[in-house]
Amino acid sequence: MRRTDREVTCKEEIYDILKRAGTIRLGIHHSPFPYVVPLSFGLENIDGQVVLYIHGAKEGLKHTLLDKNNHVCVEADILHRYEDVGTGLTAEFESVIGFGTTSLVSGEEAIKGLDLICAHCGYDGYEYDHAALAHMRIYKIVLTSITGKRRTV
């Protein structure tokens, strides 16, 4: 990272940024260009390991690409404000970038994943029809590396 003074190294602080972020952007390998899709997500911290859950319909480009290559990049950010610092404009922000692998989950783990997605979206304990799981795919993303960055005044 070029600006080490802005680097967030504390795993708990990085996890906190993710908890407060509303959306992740999932980067998936697709030739000749990467494919990036914004997603709602759920998350948990398992012994310092960040695990995310995402969902989608049964079909689509995202699923086709993940079936071919499950290595992904995840980006999340929170823009607090833009500011005129006298010599130009800058931004106050927090961001996270992580790399990891996806796996399709089912059964109890899919239910747990969807519960975590609902909780992160502000609907903790939401009672959905579990039959809806038959019409979607739930993925678990285990982040093997993660970095954070922030600029605040």
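Taken together, the values in this text are just the output of simple stated rules run on the coordinates, not laboratory data. Keep in mind that this is a model prediction, so the values were computed, not measured. Here the Cβ is made from the backbone with ideal geometry for all residues, glycine too, and neighbour counts use every protein chain on show.
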(request) Check every one of the strands (runs of 3 or more DSSP E) wholly within segment 25-76 and list those with 3 or more residues that are in contact with a Phe, Trp or Tyr (Cβ under 9 Å, 6 or more places away or on another chain) and in contact (Cβ under 8 Å) with a residue 60 or more places away in the chain. (result) 42-46, 49-57
(message) I'm told GLY113 meets every condition in (1) under 20 Å from ASP5 (Cα atoms); (2) touching a Lys or Arg at 6+ places or on another chain (Cβ under 7 Å); (3) of a type outside the set (A, V, I, L, M, F, W, C) except one. Can you identify the failing condition by its number?
(response) (1)
(request) For segment 1-44, name all the residues that are acidic (Asp, Glu) and in contact with a helix residue (DSSP H, G or I) (Cβ under 7 Å, 6 or more places away or on another chain). (result) GLU44
(message) Which count do you get for residues in segment 98-133 that are surrounded by fewer than 19 Cβ atoms within 10 Å (Cβ to Cβ), closer than 24 Å to LYS68 by Cβ and among the hydrophobic types (A, V, I, L, M, F, W, C)?
(response) 4
(message) I want to confirm something. Restricting to segment 88-97 and keeping residues that are loosely packed, with under 14 Cβ neighbours inside 10 Å and either assigned to a helix (DSSP H, G or I) or in contact (Cβ under 8 Å) with a residue 40 or more places away in the chain (or both), which single residue is farthest from the chain's Cα centre (by Cα)?
(response) THR90
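Which ones in segment 57-84 are touching a helix residue (DSSP H, G or I) at 6+ places or on another chain (Cβ under 8 Å) and aliphatic (A, V, I, L, M)? Break it down into steps so the answer makes sense when it comes.
Restricting attention to segment 57-84, the residues satisfying the condition of being touching a helix residue (DSSP H, G or I) at 6+ places or on another chain (Cβ under 8 Å) are 57-58, 72, 76, 78.
Within segment 57-84, ALA57, VAL72, ALA76, ILE78 meet the criteria.
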(request) Scan segment 113-153 residue by residue and report those that are closer than 21 Å to LYS62 by Cα, assigned to a helix (DSSP H, G or I) and either in contact with a strand residue (DSSP E or B) (Cβ under 8 Å, 6 or more places away or on another chain) or in contact (Cβ under 8 Å) with a residue 40 or more places away in the chain (or both). (result) GLY113, LEU114, LEU116, ILE117, CYS118, HIS135
(message) For the list (1) among the hydrophobic types (A, V, I, L, M, F, W, C); (2) within 18 Å of VAL142 (Cα to Cα); (3) out of contact with any Cys (no Cβ under 7 Å at 6 or more places or on another chain), I need the number of the one condition that ILE78 fails.
(response) (2)
